[in-house]
Structures are given as C-alpha cells and as structure tokens.
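This report refers to the structure that appears directly beneath it.
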Amino acid sequence: MTWTSLSDFAAMGGYALYVWGSYAVAAATLAWEAVLLVQRRRRAIEDLRLGASLREERHDPPA
Amino acid sequence: MREFPRPRGHADCICDTATRPPDAVTTAAKPPPAADAWTTWPVAGWTRYAAPQQFYPLAGRLLPWFAGAAVLLAIAGLAVGLLIAPTDFQQGDAYRIIFIHVPAAWMSMLIYVVMAFWAGLGLVLNTRLSSMLAIALAPTGALMTFIALWTGALWGKPTWGTWWVWDARLTSELLLLFLYLGFLALQASTDDVRRADRGGAILALVGVVNVPVIYFSVQWWNTLHQGASVNLTRAPSMASIMLVGMLLMVAALWAGAIAAALHRVRSIILEREKGSEWVSRLPEALQ
C-alpha cells in the first residue's frame, strides 16, 4: 500500500482531478453501456411477445 | 456463395424467405457438396455455431463467465494500479491513468480488427451471424475509443500542458472513433439489412488501414505521445508491478468487451430472426 491515509489516496498526489476524472468517466460510460444492453434485450423480447400475440390473433379468430 | 449447413426445416429470417425465389430456399436447406470440407475438418464442430440458433444459447452460457471474469480482473487490476503500485518518480500519481488509458486504447484497436474480420467474413461467405457479430462489437469498440481519448486528454493536460494536440497518434485515434460511428450510422440508416451489412463491411475493411497507422504512429512520426511502454521484442520500460496492474486491466476490458458483445449479439439475433420457428419456441418468447 502506497497511501498513508484515505485523504492521501483521494488527493492522488495533487492529480485528483485528472486521475479520478479518468476513472469516473470510464466507470460511468461502461455502466451506461450495461444499462443500454439490458434495455435492448428487454425491447427485443417485448417485440417477440408482441409479434407472437399478433400472430395468434390472426390465426386463431375467437369462436 | 457457400452457406454453412443448417438444420432442415428452419426458416431463414423473414426478409430472406420473402425475397428469395422458392428454389433458392430448397438449395439453402440442402448442404452443398463443398460443405463436406467443413464437416470433416478437425474443428468442424465449431462451424455449427455459425447458425444463429446454435450460437444464441452458446453465447448465453458463455456470457456469465466472461462478465464475472471482467469484474474480478477489474477489481484486481484497480487494486494493484491504484493501491499497491508505487508513485512514478517522473509523473507522480498522474501516471495512474495508464491503467485505464492503455488497456482501453489497445482494446479500441483490437476490437476494430475483430469487427472488420467478422464483417469481411459476412461479406465473403454471406453468413448472417458474422455480420451480426461485427455490429455487436462496434458500440463497445467506440466506447473503448472514447475512453482512450478522454483519459488521454486528462493525462495530457498535467504532463504535456495541453488537453489535445493534432499529432499523428491522437488524430488517428480520433479517426478510429469516427470509423466506428460511421459504421454504426450506416447500419442505423439503411433499412435493408443485407445492404447495410455489405456497406458496413466495406467501410470496416477500408478502415483497417488506420489501425497500424495508430499503432506505429509514435515510431513513424515525431509526436508528443510517448513511445510504447510494452513491446514484444524488448523488456517493458516500466516497473513490473505497474505492468501487472496494466495487464490485469487489459484482461478485464478484454473479458468485458466479449461479455458486452455476446449480450448485444443475442439481442441482435432476436431482432433479426424474429418470426422464425426457432425464435418463437424460445422460453423468452413465450409469455
């Protein structure tokens, strides 16, 4: 461990803005990608179910 | 055009069966003689995964392993890079940006080459899955390029005194971002899937020229960007604990990129193959 305290770690030897600015944006954009991935899959599955129920309506008219 | 053998009775995607003449459908269902070369090949078992209905469940099984590996490797890499590795005697703690900057930059180039490979394979063999894999890789590659540029700017300011310079390394990396965005825009703007795949493949293949330009730019031109710290032919010019941290982060982003691409390609398969027999039988398609 190269740090003596938590504030020492947070200060990054005076380069806090640059170091934490890099890691924060990288983490945020990667998390955003994960959210978009989940949304895209959810939308694709909703689309499948919608298509399936539409086909059912067409092929099996109510008696 | 050779097609990979696929199980009989499975409908191609809707657009295919609609546009193809009836005789083409029957020939596609019957493997051509050339397909024997694939089935007798030692790793022929892999070629059956060229069919989306085979690859979809495989990708689903592989996904948690790559995602889990990415998280564990990132924790290890960040611990080494931010907690254990000593302060650099020249750059102070600003150098710690290396643990995200270099892995992201490497992945931005690697993903582009892999994307162009799959796009090109889709162009030549007309295999549906190859083109889908190429599209699945593009957003992740664009994100890696953005991270490399962003962290580069934040590293440049304290060490060079400027956020940005129009030198060879930075400009060619920016061009890489535009190539990814162009590829994605082309896909999004063309309704005809096959035309979009072909156009995207040509763009991706032409753009491959840019990758060696990025990589060797620090040798070919006199640039502000430092030379490679890690090289295959000589010992790395950085302390071994720093190298360990960086390689852990490379492995983390590599596994994460694979996980993201597998997840995205599964969505693309569902989007493109909806209406086909096998998709409608998937558990996720049932209410």
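Give the peptides B:214-220, B:169-175 in descending order of average Cβ contacts within 10 Å, highest first. Before the final figure, lay out the partial values.
Working: B:214-220: 16.0, B:169-175: 18.9.
In descending order of packing, they fall as B:169-175, B:214-220.
Treat each spin label as a single point 7 Å out from the Cα along the C-beta direction, and report the B:ASP191 to A:ARG42 distance in nm.
If labels sit at B:ASP191 and A:ARG42, their model points lie 2.9 nm apart.
Could I have the simple spin-label model distance between B:LEU205 and B:GLN91, label points 7 Å from Cα toward Cβ, reported in nm to one decimal?
If labels sit at B:LEU205 and B:GLN91, their model points lie 3.8 nm apart.
In whole Hz, what ³J(HN,Hα) sequence does the stretch B:129-136 give by Karplus (6.51, -1.76, 1.60; θ = phi - 60°), x for Gly and Pro?
Those phi angles translate into 5, 4, 5, 5, 5, 4, 5, 5 Hz.
Quantify how strongly other chains surround peptide B:263-273 by giving the mean number of their Cβ atoms within 10 Å of each of its Cβ atoms. Mind dumping the intermediate values first?
Values: counts 6, 5, 0, 4, 9, 2, 1, 7, 6, 1, 1.
Across B:263-273, the average partner-chain Cβ count within 10 Å equals 4.
Residue by residue through the stretch B:201-207, which ³J(HN,Hα) values in whole Hz follow from phi under the Karplus form 6.51 cos²θ - 1.76 cosθ + 1.60 (θ = phi - 60°), with glycine and proline marked x?
Listing the rounded values in order: 5, 5, 4, 4, 5, 4, x Hz.
Can you work out the FRET efficiency for the pair B:LEU83 and B:LEU286, with r the C-beta to C-beta distance and R0 = 56 Å, to the nearest 0.05? List each step's numbers first, then the result.
Working: r = 48 Å, r/R0 = 0.86.
The pair B:LEU83/B:LEU286 has a calculated efficiency of 0.70.
What does the average come to when, for each residue of peptide B:87-100, you count the partner chain Cβ atoms lying within 10 Å of its Cβ?
Numbers: counts 4, 1, 0, 0, 2, 5, 11, 8, 3, 8, 9, 1, 3, 6.
Rounded to a whole number, the mean comes out at 4.
Which whole number gives the average, over all residues in A:10-16, of C-beta atoms from other chains lying within 10 Å of the residue C-beta?
Mean partner shielding for this stretch: 5.
A:ASP47: net charge of surrounding residues, Cβ under 12 Å, Lys/Arg +1, Asp/Glu -1, itself excluded? If you can, show how the numbers build up before the last one.
Values: positive: A:ARG40, A:ARG41, A:ARG42, A:ARG43, A:ARG49, B:ARG272, B:LYS274; negative: A:GLU46, B:GLU271, B:GLU273, B:GLU284.
Result for the local shell: +3.
Any read-out appearing in this document is the output of simple, stated calculations on the displayed coordinates, not a laboratory observation. A quick note: this is a predicted structure, and the numbers were derived from the prediction, not measured. Every residue, glycine as well, gets a Cβ built from its backbone with ideal geometry; the counts of neighbours run over all protein chains shown.
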